[in-house]
Every structure is written in structure tokens, then in C-alpha cells.
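Here the structure is laid out as C-alpha cells; the discussion comes afterwards.
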Amino acid sequence: MEVAVQRIPSVLNFIVLVLWCNVNALVCGFEMKTIYCKISDSCECDFKPNIQGLEWDLYKNLYGQHLAQDIVSEGISNFLSKESPDRPLVLSFHGASGTGKSLVSSMLAKYLYGTAMGSPYIHQFVPTLHFPLPERLYQYRLNLKHWIEGNLTTCARSIFIFDEMERMPSGLIDVLEPYLGPLHVVYQTNYRKAIYVFISSTGQEVINSVAMEMRKAGRDREEIQLQDLVEPLNEAVFNANNTGFYKSRIISQKLISSYVPFLPLCQHHVKRCAQRELCQRGECHCVDVAEEVSRAICPTSNEQHRFSSTGCKQVPAKVNVYL
């Protein structure tokens with residue numbers, strides 16, 4: 001009874017706003033949505049999940065990442081199948097530059113909100129931009145807590161992306177701990193519907209080492225399983241000095257739903273990246289250019305170069321050179 005009484009003023013305000021909006025429809029669209037989100041547990045904002053589209057794009061355009069393809073598609077599908085999940089979805093992407101981590105985060109934005117990072121409910125944090133001064137850690141923690149709670153109140157289906165975790169001030173990210181578990185309460189919203197994505201190159205040495213050992217043993221990289229990586233990756237990330245995950249309670253309290261390893265890319269993966277880049281420029285017929293680009297980025301004359309050190313990151317620049 002007490003809950004119902006407390007909600008009456010909000011409901012009346014919403015009704016009044018609906019009547020007012022009959023006259024001022026263009027002005028109050030966002031205000032109506034915000035108030036509705038605050039009084040309704042089912043508010044989905046502009047959430048438009050397309051799971052089949054996401055799975056197709058992952059398997060078509062994410063090259064050489066069988067683990068990431070499976071973990072992300074299965075994790076998102078299982079999470080969204082629950083009308084009221086018991087905790088948020090927390091994905092931690094790890095791997096070298098150019099292996100597809102940012103590409104997958106943009107895919108999530110595209111297929112969950114129908115836009116490439118342009119939705120007001122997708123929030124991306126970059127340490128060099130948002131948290132550049134380590135001595136201001138206390139203020140950053142307050143700011144981040146305020147931003148998270150404010151955005152969750154506006155939209156329970158918010159997506160938070162933390163890029164370059166290797167450059168994040170140590171201790172900052174633990175302010176998220178209460179929002180990542182099953183017990184915390186954020187007033188007037190189901191915070192457990194949120195998705196968090198951490199992106200980091202931390203742990204790439206472990207991932208690359210396992211991939212190299214598989215190659216030396218004569219086994220195919222597609223035989224690598226998550227269980228081959230998750231424990232050493234967990235330890236490496238937790239103990240990485242001067243990074244956002246260093247001794248983090250998010251790790252020690254096991255609040256990360258899934259670690260997502262991105263494997264180093266081979267020459268044929270880089271060639272596919274070059275072919276895609278050429279097709280995007282209307283030059284699909286330039287097969288020889290794709291071959292030259294892949295050889296330049298990933299030479300095969302030396303064992304240590306069997307994997308590309310930069311993944312597909314240099315492909316656009318190299319295409320400019322050879323085209």
C-alpha cells in the first residue's frame with residue numbers, strides 16, 4: 001500500500017503531462033519518455049535488439065575471432081532472453097590492437113539501438129578524455145557514480161563502454177561495484193538491465209602466448225578454447241600495474257560476466273580486412289592489392305611475424321599506399 005501511495009503523484013504528473021503534450025507534442029517528447037521511464041519498470045527507451053543481425057555481422061565481418069563471436073552472441077542472446085535479469089551483463093574485451101574489440105562494441109550499438117554509437121543511451125568513457133589526471137581520482141569517482149546513476153534512472157537499458165582500460169586510473173572503476181552485482185538498488189529503475197563493456201589491451205601477452213604455443217604444437221588456432229585462456233587472463237589483468245583493473249574488486253568479486261579474448265590475426269585474416277576495405281571503397285576487384293597489403297602487414301619470412309602485431313589497424317593506410 002505504501003508503494004502505491006508514493007507513486008500516485010508521479011502517475012498524476014504523467015497524466016497531466018500527456019494532456020499538455022496534446023498541444024505541445026514536439027516540445028515534450030523527451031520529457032514524457034523520461035517521466036515514463038521513472039514510473040515504469042518496463043521502460044525500454046529506444047531499445048531495438050536485433051540478435052540475428054548481430055550474430056550475422058559477427059560471423060561475417062569479425063575475422064579470426066571464433067571465441068569472441070561465440071561468447072558475445074551467446075552472452076547477449078541469453079541476457080536479453082530474461083525479462084528481469086538477476087544482474088547486468090558485464091563483458092571484458094582483451095587483446096592486441098586491431099583485433100576487433102572496438103568493432104564489436106560498435107556492432108552492439110548498431111544491433112541493440114539501431115545506431116552506431118549515436119544513441120543517447122550508449123555512453124562511452126575514454127580515460128584520456130574523461131579521466132586524464134590521476135590526482136583527481138576522488139572527484140572522478142564521484143563524477144562516474146553520478147553519471148551511472150543518472151543515466152540508469154533515465155534508461156534502464158543503458159550501455160556503458162569503458163575504452164582503453166589499460167590507461168584508466170587504478171581504483172576508479174571499483175566505484176561501479178555496487179551496480180554490477182545482484183543486490184544494489186537504483187531508485188525507480190531496474191539497473192540489472194544495463195550492459196557494461198570494458199575494452200583493454202591488458203592480457204594480450206597471455207592470449208598471444210597461448211596462440212603461439214598452439215601454432216608451435218602444430219594445432220590450429222581455431223582449436224583454442226575459452227578454458228585455455230580465462231584463468232591466466234584473469235590473473236594477468238588483476239595483477240597488471242598502473243591499469244584500471246589493477247587489484248580491482250570487480251575482478252576479485254567475480255562481477256565480470258565473461259572475459260572475451262581477441263586472438264592475434266594471421267595473414268589471411270588481414271587479407272580479408274583489406275578486401276573489405278577495398279569493397280567499401282568500390283574497389284572489390286583489386287584482389288592483388290589485398291594480397292600486397294596482407295604481406296606488408298604480416299610477412300611470413302620470420303616465425304615471430306606469423307601473427308600481425310597491429311591486427312587490421314594499419315589496413316586503411318596500407319590500402320592507400322598500394323591502391
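Residues considered: I256, I251, I199. Of these, the only one that is under 18 Å from the mean Cα position of the chain (by Cα) and assigned to a loop (DSSP other than H, G, I, E, B) is I256.
So which of S258, S248 is touching a strand residue (DSSP E or B) at 6+ places or on another chain (Cβ under 7 Å) and within 21 Å of G95 (Cβ to Cβ)?
After applying the criteria, what remains is S258.
Residue selection: L180 satisfies the criterion of being touching a Lys or Arg at 6+ places or on another chain (Cβ under 8 Å) and outside the structural domain of S309 (by TED's automatic domain parsing).
For the condition in a helix (DSSP H, G or I) and of a type in the set (D, E, K, R), what is the one hit in R136, R157?
Just a single option satisfies the conditions, and that option is R136.
Comparison of F160, F93, F131 shows that the only residue that is at pLDDT 95 or above, closer than 22 Å to S200 by Cα and over 17 Å from the mean Cα position of the chain (by Cα) is F131. Checked against the criteria, P134 counts as within 25 Å of A236 (Cβ to Cβ) and loosely packed, with under 15 Cβ neighbours inside 10 Å.
Taken over region 256-281, the residue count meeting the criterion of being touching a residue at least 24 places away in the same chain (Cβ under 8 Å) and either in contact with a Gly (Cβ under 9 Å, 6 or more places away or on another chain) or of a type in the set (S, T, N, Q) (or both) is 16. Count of region 164-176 residues, restricted to those that are surrounded by fewer than 22 Cβ atoms within 10 Å (Cβ to Cβ) and in a loop (DSSP other than H, G, I, E, B), is 4. Would you call S105 outside any helix (DSSP H, G or I) and touching a residue at least 60 places away in the same chain (Cβ under 8 Å)? In short, no. Within this structure, L180 fails the test of being surrounded by fewer than 19 Cβ atoms within 10 Å (Cβ to Cβ), touching a strand residue (DSSP E or B) at 6+ places or on another chain (Cβ under 9 Å) and either among the charged types (D, E, K, R) or under 24 Å from L80 (Cα atoms) (or both). Of the set (1) more than 24 Å from K254 (Cβ to Cβ); (2) part of a helix (DSSP H, G or I); (3) of a type in the set (A, V, I, L, M), all apply to M117 but (2). Failed condition for K271, given (1) within 16 Å of S308 (Cβ to Cβ); (2) buried (at least 19 other Cβ atoms within 10 Å of the Cβ); (3) among the charged types (D, E, K, R); (4) in the same structural domain as F93 (by TED's automatic domain parsing), with all others met? Going through the list (1) within 16 Å of S308 (Cβ to Cβ); (2) buried (at least 19 other Cβ atoms within 10 Å of the Cβ); (3) among the charged types (D, E, K, R); (4) in the same structural domain as F93 (by TED's automatic domain parsing), K271 breaks only (4).
The values are calculated or read from the model by the stated rules, or taken from the named source; none is laboratory data. In this text the structure is predicted, and so the values were computed from the model without any measurement. Here the Cβ is made from the backbone with ideal geometry for all residues, glycine too, and neighbour counts use every protein chain on show.
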